[in-house]
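This report concerns only the one structure given below.
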C-alpha cells in the first residue's frame, strides 16, 4: 500500500484527514473492500438457518 493509493481510497470513503487519526490502514482497507462488495448481486441463493445447522 502506497500513499498515492491510500489517500484516494480515503477520499472515496469520505474519510477526512482528522478521521485518519482514529483509524488504522488495515481498517481503511477493510472498509474499502466492503464498500466494493455492497453492489455485488452474484449470490444466487441466501443460506437459511437449516443450512447453517447442517454446516
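Results, tabulated for the structure shown:
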quantity: Filtered residue count, region 21-35, keeping only those that are farther than 12 Å from residue 1 by Cβ and out of contact with any helix residue (DSSP H, G or I) (no Cβ under 7 Å at 6 or more places or on another chain); calculated: 7
quantity: Residues satisfying the stated conditions in region 36-55, i.e. in a helix (DSSP H, G or I) and over 24 Å from residue 1 (Cα atoms); calculated: 49, 50, 51, 52, 53, 54
quantity: Of the criteria (1) in contact (Cβ under 8 Å) with a residue 24 or more places away in the chain; (2) exposed (fewer than 10 other Cβ atoms within 10 Å of the Cβ), which one residue 21 fails; calculated: (1)
quantity: Counted residues, region 22-35 - those being assigned to a helix (DSSP H, G or I) and over 8 Å from the mean Cα position of the chain (by Cα); calculated: 3
quantity: Selection count where residues are in a loop (DSSP other than H, G, I, E, B) and surrounded by 10 or more Cβ atoms within 10 Å (Cβ to Cβ), scope region 2-15; calculated: 1
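Taken together, the values in this text are just the output of simple stated rules run on the coordinates, not laboratory data. Every value quoted in this text rests on a predicted model; they were computed, and no experiment measured them. Note that each Cβ is placed from the backbone with ideal geometry, even for glycine, and that neighbours are counted across all protein chains shown.
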